[in-house]
Amino acid sequence: MLALQPRPLAADPIRVEAAAPTPLAGAAVPAAVDLDIRGMVKSFGEAKPVLNGVDLAVLRGQSVALIGANGAGKSTLLRCCLRLIEAEGGSVRLLERDVRRLAPRDLRRLRARVGFVFQRHNLVPRLSALSNVVHGAQARHAGARYWLHGLAPKAVREEAMHCLDLVGLPHIARQRVDSLSGGQSQRVAIARALMQRPQFVMADEPVASLDPNAGEEVMGLFSDLMRREGLTLLFSSHDLRHAVDYADRIVGLRAGRVELDGPARAQDFAGLREIYG
Amino acid sequence: MAEPFVGPSAVAERGPAVPGRFDRPGIGTFLAYLLAIAFFVASIDGIGISVEDLVAGIPGIGRMIGQMFPPDLSRLDSIALALLETFQMALVGTVFGIVLSLPLAILATRSQTPHILLYGCSRALISLFRTVPDLVWALLFVIAVGLGPFAGALAIMIDTIGFCGRFFAEAMEEADHGPQEALTALGASRLGRVFCAVIPAALPSFIGASLFSLEKATRASVVLGLVGAGGIGIELKVAMDLFSYAQAATIILSIFLLVLVVERVSTFLRQRVI
Ligand SMILES: Nc1ncnc2c1ncn2[C@@H]1O[C@H](COP(=O)(O)OP(=O)(O)OP(=O)(O)O)[C@@H](O)[C@H]1O
Ligand SMILES: [Mg+2]
């Protein structure tokens, strides 16, 4: 198990060293840092910066929950890590690559290694679930064969079916995704991310649009899969219980900075609520 | 505590002023209206509307219609062949036009174009194709490739590119951004994103626009014959020039039938596919 030093609620930028955890129990080498964000700044137009010097390091195999009020910048932070939007300042090291300096081709290669699950599943509506999962293979291959399941090579179709099986939906493979329920859609989106064979997975409020039961189910499945595959997970959530249950570590954003950082188990809800104050 | 009841009269006294039913136009707007009306009146004068001419022409039209019936079916086989050629011209021109407008439309979509310069050029090309009337294209192609349906098909192709290029680009511009972002996030190429996320979203619009342009092309292909670009138009012109109105009637009726069938089939397909 990973255990982190609780980080004090501090206003000054937190150095990564401060976040360095005690290594995995029994392991001699400290775990690798998969994501290392330093001093990230991002603003939209004239308004005051949404992110104003965010520092955050995530270790390999860790599961980190990102919490914060509406508009705190959780989505912005996640998007900036993959340059879906461009940050203005700071540096991002993701899977040993300096994200902000990557050339387009290298950026694509890096994105391919990182799964991203969106709040609104963002599947392609008129296509089948299987085709949507096959799209995940575009992380590794270019070309028209990976646009539709009907065109895909046998091995890819089999792998896509395996991914659908992992999320418990092999029976809806041929169904159009616009006919699926919210929970099913989100599971297909998770399967698409798995199809990438990612090393790191980010999720922006993956279950926020699901009802409580479906949300619980999908979040449980998601977190189990990540653990089983040994993937690093960074997810944002408004559900503090999910944060406590499914993360090793909770990071709170407020006013464009990391204001809270500590092991999930040590947190009580009252303490976590302060981040919204 | 509950507020004391406020009757309608009391509300009327205290309530905010109700805005007028219409906004009073400014002096500039007023002048613009006045100018537009004046120009319209001048236009009526300009085209030389003449009720006398219209009245005097009525017997002539009546006589012509009288001679049209019964339609002369003696040349039905050659008319049918010309009609088939007309439709083939429309079909081939439209299909090639649609196929060519897709890549052009991708370049002309701001969110998908690889370069802003390509965007500008493709936009300009599409506008050129659209704004120059198909009859002018037909005249140009008749000069370039000679009389016949090939010239007509080329003219229809260009016209279709002008129409579909613009519609396809608009449909792709409006495509939901979410799936595109998902494809970008998983490292897909630009082409992968266009074909996996943008085109599937825009497909119903594509099909609608394509079927509509086939209808449009069928009507246009009739007229293109008048300038020698193949099809049944030339038959109609000859029949009219020779005052063989009974023959013209057959041609007109068969054109009517063709256009009707194409529209019906296209409506049916539209409902099926979308
Ligand atoms: N594309 C954009 N253009 C302008 N402003 C934006 C854009 N995206 C986000 N913002 C602004 O940035 C701020 C942070 O947004 P962000 O979506 O990152 O917050 P969040 O923490 O994810 O909130 P939520 O919990 O509501 O999802 C908000 O004030 C929002 O208005
Ligand atoms: Mg958000």
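Taking region B:85-97, which residues are surrounded by fewer than 23 Cβ atoms within 10 Å (Cβ to Cβ) and not polar (S, T, N, Q)?
B:Glu85, B:Phe87, B:Leu91, B:Val92, B:Val95, B:Phe96
I'm checking my understanding of the structure. Among residues of region A:52-73 that are closer than 22 Å to A:Ala208 by Cα and more than 8 Å from ligand 1 (Cβ to nearest atom), which one is surrounded by the most Cβ atoms within 10 Å (Cβ to Cβ)?
A:Leu66
Restricting to strands (runs of 3 or more DSSP E) lying wholly in region A:46-138: which have 3 or more residues that are within 13 Å of ligand 2 (Cβ to nearest atom)?
Those strands (runs of 3 or more DSSP E) do not exist here; none qualify.
If you check every pair at least six apart or on different chains, which have Cβ atoms under 8 Å apart with a residue in region A:112-126 that is facing chain B (nearest Cβ under 7 Å) and at positive phi first and a residue that is of a type in the set (A, V, I, L, M) and open to solvent by less than 10 Å² (accessible area, probe 1.4 Å) second?
From residues that are facing chain B (nearest Cβ under 7 Å) and at positive phi, the pairs are A:Asn122/A:Ala189; A:Asn122/B:Ala182.
Suppose we filter region B:158-200 for residues that are of a type in the set (Asp, Glu), open to solvent by 30 Å² or more (accessible area, probe 1.4 Å) and away from chain A (no Cβ under 13 Å); how many remain?
3
Quick check on region A:90-111. Is at least one of its residues within 16 Å of ligand 1 (Cβ to nearest atom) and either on the phi < 0 side of the Ramachandran plot or without any contact (Cβ under 8 Å) to a residue 24 or more places away in the chain (or both)?
yes
For (1) β-branched (Val, Ile, Thr); (2) in a helix (DSSP H, G or I), each residue gets a yes or a no:
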site	(1), (2)
B:Val142	yes, yes
B:Leu147	no, no
B:Leu154	no, yes
B:Asp159	no, yes
B:Arg166	no, yes
B:Ala175	no, no
B:Phe212	no, yes
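Determine if region B:222-232 includes at least one residue that is assigned to a helix (DSSP H, G or I), within 14 Å of another protein chain (Cβ to nearest Cβ) and touching a residue at least 60 places away in the same chain (Cβ under 8 Å).
Within region B:222-232 (the criterion being assigned to a helix (DSSP H, G or I), within 14 Å of another protein chain (Cβ to nearest Cβ) and touching a residue at least 60 places away in the same chain (Cβ under 8 Å)), the answer is no, since none of the residues qualifies.
Among the residues of region A:168-188, is any within 16 Å of ligand 2 (Cβ to nearest atom) and over 18 Å from B:Ile199 (Cβ atoms)?
Among the residues of region A:168-188, at least one is within 16 Å of ligand 2 (Cβ to nearest atom) and over 18 Å from B:Ile199 (Cβ atoms), which makes the answer yes.
When residues of region B:47-61 are filtered for being open to solvent by 40 Å² or more (accessible area, probe 1.4 Å) and part of a helix (DSSP H, G or I), how many remain?
Here the count works out to 9.
Name the strands (runs of 3 or more DSSP E) wholly within region A:165-277 that hold at least 3 residues that are away from every other protein chain (no Cβ under 14 Å)?
By residue number, A:232-236, A:249-254, A:257-263.
Does A:Leu94 satisfy the criteria of being within 22 Å of B:Ala182 (Cα to Cα) and within 13 Å of chain B (Cβ to nearest Cβ)?
yes
The values are calculated or read from the model by the stated rules, or taken from the named source; none is laboratory data. Keep in mind the model is a prediction, meaning the values are calculated, not measured. Neighbour counts run over all protein chains shown; Cβ positions are idealised from the backbone, glycine included. Protein only, heavy atoms only, side chains kept; ligands, DNA and RNA dropped before computing areas. Shrake-Rupley method; radii C 1.70, N 1.55, O 1.52, S 1.80 Å.
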